[in-house]
Amino acid sequence: MINVLFSANPDRWAQYEAPLRSALDAAGLDYALSTEIAPEEVDYIVFTPDGPVSDFRPYTRTKAVLGLWAGVETIVGNQTLTQPLCRMVDHGLTDGMVEWVTGHVLRHHLMMDAHIHGQDGVWRAGVVPPLAKDRKVCMLGLGALGAACAAQLVSLKFDVHGWSRRPKAVEGVTCHAGEEGFDAALAEADVVVLLLPDTPATTNIMNAAAFGLLARGASIVNPGRGPLIEDEALLAALGSGQVGHATLDVFRVEPLPPEHPYWAHPGVTVTPHIASETRADTASEVIARNIQRGEAGKPFLNVVDRAAGY
Ligand code: NDP
């Protein structure tokens, strides 16, 4: 019998209990699943950082901490966590992100706002978007989410460039890597999508110099994390017209405070960290698969690299 502790925001238990039980049953595991198990008896922790556990030292027999979130910036530095930490890579989460990113890229590409906001009797016949092949989209981050979004944009024939820490190959994408590849990835990009993790190496990666590399009037789409963008530099780039629009889903402080200049800025669209959510049914299958692997002595999937921070 293995003991699985659910340590996430208590609101999530009602949503996750049934899917987790059915996924653990389907995996043929003999288990107890609960929100309360004595720490020294816990084998696996299903985890979100806003749940009750933050000191992992009493969890002496725990084999892995299985996160329900893709982003791990608030847990990766926890010195009490010595067990393997796995993050969420789930096709429901990926599909949601592909839909959100594609929708927002198409909004900018097709210049939809010009018509949506222009219902004023003026026949704007000159506003014709170019074809996707003539728009350069830069995907910063080619991980589980960035690579899937890039592939979808390639299927729509955008000129997609991608950037990652280590060299990568994604079919149809011009791939750049490392510091030396950064400028070429961004050069003259019409749309930039940020799907990087929040780490010391990525903080303020979109700063004045980076905005200066883009095509004039470029659009920024950020479903990654707030600290990837230097906010003052973005506001200045919007003010000068170097950036035409920014669609921002994530912020340094969430909820975004009502007095923040992004709310009232005509060049900014704020969405409330809804780009994509972990889906209970598909995520539960990922959790069960990882427990099954742990019990079979196989390496866990989606283990976080603590040194890299993601
Ligand atoms: P992955 O870890 O799979 O991918 C991260 C990508 O970023 C990789 O390609 C990685 O490079 C690249 N990267 C990391 N550090 C650097 C660096 N210093 N320089 C260049 N490239 C770097 O993450 P996911 O794709 O699953 O998720 C990305 C982020 O999306 C999450 O960290 C999270 O913050 C955010 N997110 C937001 C959601 C929302 O609703 N708004 C929902 C889910 C996630 P390499 O391939 O070489 O490792």
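Brief remarks on what is shown
- Overall form of the range 23-83 per C-alpha gyration tensor (a/c, 1.5; a/b vs b/c): oblate
- Solvent accessible area, Å² - Tyr310, 1.4 Å probe, full protein context: 70 Å²
- The mean accessible area for residues of the range 41-122, using a 1.4 Å probe and ignoring ligands and nucleic acids, is 45 Å² per residue.
- Extreme residue, positive dipole direction of the chain, given options Ile2, Val250, Ala150 (C-beta unit charges): Ala150
- Shown in residue order for the range 221-227 are the 3J(HN,Hα) couplings computed by the Karplus curve 6.51 cos²θ - 1.76 cosθ + 1.60 at θ = phi - 60°: 10, 10, x, x, 8, x, x Hz (x for Gly and Pro).
- Extending 7 Å from Cα along the Cβ direction at Gln292 and again at Lys157 yields two label points whose distance is 4.2 nm.
- Of the GluC sites (Glu not before Pro) in the range 218-296, the ones in a loop by DSSP (not H, G, I, E or B) with at most 10 other beta carbons within 10 Å are Glu259.
- Prolate/oblate/rounded call for the range 171-218, Cα gyration tensor, a/c under 1.5 rounded: oblate
- Positive end of the dipole of the range 266-305 (Cβ unit charges, origin at the Cα centre): among Thr269, Pro299, Ser284, the Cα lying farthest that way belongs to Pro299.
- Rounded Å value of the spacing that divides the Cα centres of the range 220-252 and the range 67-112: 18 Å
- The charge dipole of the chain, taken about its Cα centre with unit charges on the Cβ atoms of Lys, Arg (+1), Asp and Glu (-1) only, comes to about 680 debye.
- Ordering Thr203, Ala185, Pro227 by Cα displacement along the dipole of the range 142-264 toward the positive end leaves Ala185 in first place; charges were set at the Cβ atoms of Lys, Arg (+1) and Asp, Glu (-1).
- Mean residue ellipticity, 222 nm, helices only, the chain: the sum of -39500 (n - 2.57) across DSSP H runs of n ≥ 4, divided by residue count and rounded to 500, is -9000 deg cm²/dmol.
- Potential extension, Asp50-Val128 segment - 0.36 nm per residue separation minus Cα distance: 23.4 nm
- Tensor-based shape of the range 1-56 (alpha-carbon gyration tensor, a/c under 1.5 rounded, otherwise prolate or oblate): oblate
- Under-5 Å amide H pairs with Gly244, H placed in peptide plane, nonlocal only: Gly217, Ala218, Ser219
- Trypsin sites (Lys or Arg not before Pro) within the range 1-83: DSSP coil, no more than 14 neighbouring Cβ in 10 Å: Arg61
- Grouping the Cα pair distances of the chain into 20 Å bins from zero gives a pair-distance distribution of 31, 51, 17, 1 percent in increasing distance order.
The values are calculated or read from the model by the stated rules, or taken from the named source; none is laboratory data. Small disclaimer: the values here were computed from a predicted structure and weren't measured. In this analysis, Cβ positions are derived from the backbone assuming ideal geometry, glycine residues included, and neighbour counts consider all displayed protein chains. Keep in mind that these areas ignore ligands, DNA and RNA; they rest on the heavy atoms of the full protein, side chains included. Shrake-Rupley method; radii C 1.70, N 1.55, O 1.52, S 1.80 Å.
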